[in-house]
1. Compute the distance in nm between two label points, each set 7 Å from the Cα along the Cα-to-Cβ direction, one at T176 and one at K3.
2. Is the shape of segment 5-78 rounded, prolate or oblate, going by the alpha carbon gyration tensor and its root eigenvalues a ≥ b ≥ c, with a/c under 1.5 for rounded and a/b larger than b/c for prolate?
3. Can you list the trypsin sites (Lys or Arg not before Pro) in segment 69-141 that are in a DSSP coil and have 14 or fewer other beta carbons within 10 angstrom?
4. Quote to one decimal, in nm, the extra length available between E120 and E10 on full extension: 0.36 nm per residue of separation minus the C-alpha distance between them.
5. Can you tell me the length gained on complete extension of the stretch F63 to A127, counting 0.36 nm per residue apart and subtracting the Cα distance?
6. Stretch R184-V32 to full length: gain in nm at 0.36 nm per residue minus the Cα-Cα span?
7. Which distance in nm do the two modelled labels at W45 and S145 give, with both placed 7 Å along the Cα-to-Cβ direction?
8. What is segment 134-208 by shape, rounded, prolate or oblate, if you read a ≥ b ≥ c off the alpha carbon gyration tensor as root eigenvalues and call it rounded for a/c under 1.5, prolate for a/b larger than b/c, and oblate otherwise?
Amino acid sequence: MGKPIVYGAEYSVYVRIVRLVLAEKGIDYELVPVDVFAAEGIPAWYFEHHPFGRIPAFCYDGFRLFETNAIARYIDEAFEGPALQPADARGRARMGQIIGMLDAYGYRAMVWDVAVERLEKAEPDSALIAGGLAQAETVLKVLRSLKPQGPWLLGDQLTLADLHAAPIIAYFVKVTQGRDLLARFADIRDWYTRVADRASFTRTEKVA
């Protein structure tokens with residue numbers, strides 16, 4: 001059957017989520033570079049894998065998928081390795097809620113409005129950053145309120161929620177304002193430190 005193939009770029013938060021899932025499951029894979037920001041544009045062949053030209057996309061044994069959440073769940077359910085989804089319905093619902101919240105309210109604010117704006121713009125938009133930080137604070141408050149006792153976001157089991165949240169937080173804390181805000185939420189800061197110490201996190205870090 002060969003290896004699973006992930007299409008995307010190392011810089012992508014969502015590509016990293018899929019790579020983290022594969023790493024935690026102990027699955028060898030091939031990363032085929034696709035740079036959606038390349039000057040020459042998205043390669044024409046890639047639209048066969050993702051009709052909207054986003055990353056990541058995934059292929060294994062002729063089975064193609066796009067959308068990070070679908071890919072992550074498929075990998076967890078189709079391959080051997082530690083289970084990354086709760087066994088109970090409420091746990092899976094909470095996991096889905098956290099992932100959905102991060103996609104809807106966390107990613108844009110934390111990654112683009114704060115980190116990218118601060119790191120990559122010659123003249124950062126202070127109002128955009130302020131709005132992003134306000135939204136990020138709400139996201140962190142909700143994560144804190146939902147997190148039970150235990151090392152991970154759902155308690156004692158590392159799940160797809162942890163692997164979804166960590167790359168977003170990793171980008172956010174590239175800037176001082178992100179680190180300072182995270183430091184105000186000690187339990188979420190400590191959770192992030194535990195994730196960042198995992199071998200999978202180190203292996204999927206973008207090489208400068």
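Values in this text are rule-based calculations from the coordinates and carry no lab data. Please read these numbers as outputs of a predicted model, since none were measured by experiment. Cβ placement follows ideal geometry from the backbone for every residue including glycine, while neighbour counts extend to all protein chains displayed.
1. Result: 4.1 nm between the two label points.
2. Working: a/c = 2.06, a/b = 1.58, b/c = 1.31.
Cα axes put segment 5-78 in the prolate bin.
3. Numbers: sites: R73, R90, R92, R94, R108, R118, K121, K141; in loops: K121.
Those that pass, being in a loop and sparsely packed, are K121.
4. Numbers: separation 110, 0.36 × 110 = 39.60 nm, distance 1.71 nm.
Contour length minus Cα-Cα distance gives 37.9 nm.
5. Numbers: separation 64, 0.36 × 64 = 23.04 nm, distance 4.40 nm.
Here the answer is 18.6 nm.
6. 50.9 nm
7. The two pseudo-label positions are separated by 4.9 nm.
8. Numbers: a/c = 1.91, a/b = 1.06, b/c = 1.81.
Because a/c hits 1.5 or more and a/b fails to exceed b/c, segment 134-208 counts as oblate.
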